[in-house]
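Student: Okay, here's the structure, questions in a sec.
The values are calculated or read from the model by the stated rules, or taken from the named source; none is laboratory data. Everything quoted here is computed from the prediction, not taken from an experiment. FYI the Cβ positions are ideal-geometry reconstructions off the backbone, even for glycines, and counts take in every protein chain you see. The accessibility values were calculated without ligands, DNA or RNA, using every heavy atom of the protein model including side chains. Shrake-Rupley method; radii C 1.70, N 1.55, O 1.52, S 1.80 Å.
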Amino acid sequence: MNLPDRWPAPAKLNLFLHVVGRRSDGYHLLQTVFQLLDFGDELRFGVTSDGVVGRAAPVPGVPEETDLTLRAARLLKERCGVRRGVRIGIEKRLPAGGGLGGGSSDCATTLIALNALWGVGLRRAELLRLGLELGADVPVFIGGRSAWAEGVGEILTPLELEDAWYLVVAPPVQVSTASVFAASELTPHRPTITIRAFRTGQGRNDLEPIVRRRYPEVDVALRWLAAHGEARMTGSGGCVYVRVASAAAGRRILEEAPPGYGGFVARGVNRHPLYSLTRDS
Ligand SMILES: C[C@@](CO)(OP(=O)(O)O)[C@H](O)COP(=O)(O)OP(=O)(O)OC[C@H]1O[C@@H](n2ccc(N)nc2=O)[C@H](O)[C@@H]1O
Ligand SMILES: Nc1ncnc2c1ncn2[C@@H]1O[C@H](COP(=O)(O)OP(=O)(O)O)[C@@H](O)[C@H]1O
C-alpha cells in the first residue's frame, strides 16, 4: 500500500444543527449534517523505535496536554500493545475552536495513519469506537463520508451531497463549546426532522442565536455574508460560511473581510481523502 508523506485532516461544516434532547450525563442530542471540505490541517508522522509518543515541534494555540493527536496515538498504542513510538508534526490551518472540527479531524487522521504506519490493522468500525472515546466529532472523520448524524454525532448515515463551493469566515474570537451548550436560553426540545426535510431546505443552527448574542464579531460576520447568500454558523462557532458560485467568487467576497477576520474558500467533498486507507472488513 502506498502511504502518503503528508496526511490530510480536512475540515467539516455543519450544514444545519438541531439540539433535540439531552442525555442523562448532560451531553446534548443533536441532528446535524457534516459536510467534509477539501481544505484542512496537514500532519506528518515520524515512526521511532524508542516507544515515545511526542511532538515534532510545538503547535501554536494547542498546549501539549490537550493535543488530541497525542491522546489518540497513546490510546492506540496502549490498547493494541504497540512498542514503537512516533513524533507528530501538525501544520495547523484550521482555527482551533472554530466549529470546523480541526482538533477532531487531526485526531482521526492520527488514528488512521498510525493504524497503517504501526501496522496495527484495525478495521474502520474498531477505529470509530476508539475515536468516539476521544470526542463526539471524531467518528465522522474516521467514517470518511459526509453524513447525516444523530446521537451526539456518532450515529452516522452517509450522504451524497451536492457539489458546492463554500466561503468560510473566521471571526477573531474563540468560542467555548461547553459555554454555548450550557447557555440558559438553549431549549433542547426541537422536534426531529428527516433527511428528506433537510433536502428540501429545512434546518438551521440552534446554537447560532446564542453565539451571535455573546460574540458580536460572529454577528458582524453573519450580517456581512448575508448580502451574498444564506449565511450560517458551523457547529458551536465561531466560524460562519456561505455557499458561493465558484472559488473565484468566494475569494472576491473574502477580500472585503473586516480587519482581523480570516477565512478560506473550499469545496464540499463526499469522501475523506484517506477513505481508501481504512478497510471495512
Ligand atoms: C457542536 C459540535 C457539532 O459538530 O461541533 P464543534 O463546534 O465542536 O466543532 C460538536 O457536537 C461538539 O462536539 P465536541 O467537539 O466533541 O465537543 P466537546 O469539545 O467535547 O464538548 C465540550 C462540552 O460541550 C458540551 N456538549 C458538547 C457536545 C454535545 N453534543 N453536547 C454537549 O452538551 C459538553 O458539556 C462538553 O463537555
Ligand atoms: N490538534 C488539535 N488542533 C486543534 N485543537 C485541538 C487539537 N487537539 C486538541 N485541541 C483542543 O480542541 C479544542 C477544539 O478544537 P477544534 O476541534 O479545532 O474546534 P471545534 O471543536 O470548535 O471544531 C481546542 O480548543 C483545543 O484546545
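Student: Placing +1 at every Lys and Arg Cβ and -1 at every Asp and Glu Cβ, with all other atoms neutral, what dipole size does the chain have around its Cα centre, in debye to the nearest 20?
Tutor: With Lys and Arg at +1 and Asp and Glu at -1, about 360 debye.
Student: Which residues' amide hydrogens lie under 5 Å from the amide hydrogen of Tyr261, considering only partners 5 or more residues apart or on another chain, with H built in the peptide plane?
Tutor: HN-HN under 5 Å from Tyr261: empty list.
Student: How do the peptides 179-187, 138-146 rank, highest first, by the average count of neighbouring beta carbon atoms within 10 Å per residue?
Tutor: 138-146, 179-187
Student: OK, next. Loop only by DSSP, 11 or fewer other Cβ within 10 Å of the Cβ. Give me the trypsin sites (Lys or Arg not before Pro) in the range 162-269 that pass, ordered by residue number.
Tutor: none
Student: How do 273-280, 254-261 rank on mean C-beta neighbours within 10 Å, highest first?
Tutor: 273-280, 254-261
Student: Filter the GluC sites (Glu not before Pro) in the range 96-183 to those in DSSP coil with at most 11 other Cβ atoms within 10 Å of their Cβ, and list the result.
Tutor: Of the GluC sites (Glu not before Pro), the ones in loops of the range 96-183 whose Cβ has at most 11 other Cβ atoms within 10 Å are Glu160, Glu162.
Student: OK, next. Which residues among the range 81-113 fall inside the zone where the amide N is under 16 Å from a point 7 Å beyond the Cα of Ala57, along Cα→Cβ?
Tutor: 87-94
Student: Would you mind giving the three semi-axes, in whole Å and largest first, of the ellipsoid equivalent to the chain according to its Cα gyration tensor?
Tutor: 31, 21, 18
Student: With unit charges on the beta carbon (Lys/Arg positive, Asp/Glu negative), name the residue among Trp7, Gly89, Ser281 whose Cα is farthest towards the positive pole of the charge dipole of the chain.
Tutor: Checking the options against the dipole of the chain, the answer is Ser281.
Student: How much of the accessible area of the chain, probe 1.4 Å, is carbon plus sulfur, in whole percent?
Tutor: Heavy-atom surface of the chain belonging to carbon and sulfur, 1.4 Å probe: 50 percent.
Student: I've got another one for you. Please give the Cα centre distance for the range 132-196 versus the range 1-67, rounded to the nearest Å.
Tutor: 13
Student: Hey, another quick one. Note the full-extension length gain between Ala226 and Arg196 as 0.36 nm times their separation in residues minus their Cα-Cα distance, in nm to one decimal.
Tutor: 8.3 nm
Student: Still on this model: Compute the acute angle (0 to 90°) between the alpha-carbon long axis of helix 68-80 and the principal axis of greatest extent of the alpha-carbon atoms of the chain; round to the nearest 10°.
Tutor: Once rounded, the angle reads 40 degrees.
Student: Can you give me the angle between helix 124-134 and the longest principal axis of the chain, using Cα atoms only, in degrees from 0 to 90, rounded to the nearest 10?
Tutor: Tilt relative to the chain: about 70 degrees.
Student: Continuing with this model, one more query. Can you tell me the orientation of helix 102-117 relative to the chain, as the angle in degrees between its alpha-carbon axis and the longest Cα principal axis, to the nearest 10?
Tutor: 30
Student: How do the peptides 24-30, 53-59 rank, highest first, by the average count of neighbouring beta carbon atoms within 10 Å per residue?
Tutor: Ranking the peptides 24-30, 53-59 by packing returns 53-59, 24-30.
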